[in-house]
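The values are calculated or read from the model by the stated rules, or taken from the named source; none is laboratory data. All values derive from a computational prediction rather than experimental measurement. In this analysis, Cβ positions are derived from the backbone assuming ideal geometry, glycine residues included, and neighbour counts consider all displayed protein chains. Accessible surface is based on the protein model in full, side chains and every heavy atom, while ligands, DNA and RNA are left aside. Shrake-Rupley method; radii C 1.70, N 1.55, O 1.52, S 1.80 Å.
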Amino acid sequence: SYVNAFNLSNITNPAISFTYQSLDTSIVSSVKSDGTIVPASDARAGSARIKITGGGKTAYAVVTVLPAGYRTVPQIAVGDGFTIALTSQGEIYSWGKGSSGQLGDGQNSTRITPAKLTLPLSNGQYLVKLAAGSEHVLALDSAGNVWAWGSNQAGQLGLNANTAVLSSSNVPVK
C-alpha cells in the first residue's frame, strides 16, 4: 500500500482540460482524469515520467513513488569502517565496525546489518544532522543539543576525559 495519492495539477479552470499518460507503467499504472497518480499494484519504489497535455501544451513531470513504510535517507556519514544514517523521519541507523562504541548501541562489536538507535530525546525533538569521525559520531538535535558517542582518545567528544562512550550520551559541545 502507498502513503498518499496526489494530484499533478492544481489548475481548476473548467475551460482547460488535461490528459495524463504514465510513461513508466511498471511504477505508475495510470493517472486518473483528475490527475491522481495510481501506483502499479506490484510497484517497487522508483520514479515515473508522466505526460501532461492541456491548453494546447504538453509538459512532462517526474514523480517518485514510495511504498508505505519506505524510508528515505537524506544524510549518511562514514567513519573508519562504519556507517551512520539519518532518515527523513529523524531515525538514526548504524552498522559496521564498532570497536570503540561508534555504533552507539552499547556494544564494542561489529554489526553488518543496520540497526536503529534510540536516543533519549525530549518530547518533540528530533535529529537534524550527523557527522562521523574516524571512530566517533556527533549528532545535532532540533533543540541545538549535540549528542556524541564512540572513541574519545583525543577529547573529540568534548567530555574532558579520555574515555569511550559506548551508548548514546547527550554531550553538549559549545
- Query: Given labels modelled 7 Å from the Cα in the Cβ direction, how far is it in nm from Q125 to K32?
  - Reply: 4.3
- Task: Would you work out what percent of the accessible area of segment 71-152, with all protein chains in place, is carbon or sulfur (probe 1.4 Å)?
- Result: 51
- Task: Evaluate the distance, in nm, between pseudo-label points positioned 7 Å from the Cα of T87 and of T58 along their respective Cα→Cβ axes.
- Result: 4.0
- Item | Two-site FRET efficiency, V73 against K51, from Cβ-Cβ distance with R₀ of 25 Å, rounded to 0.05 | 0.25
- Message: Accessible area per residue for segment 75-145 in Å², computed with a 1.4 Å probe and the full protein assembly in place, what is it?
- Response: 48
- Message: I need the calculated FRET efficiency for the pair T25 and N108, taking r as the beta carbon distance and R₀ as 45 Å, to the nearest 0.05.
- Response: 0.35
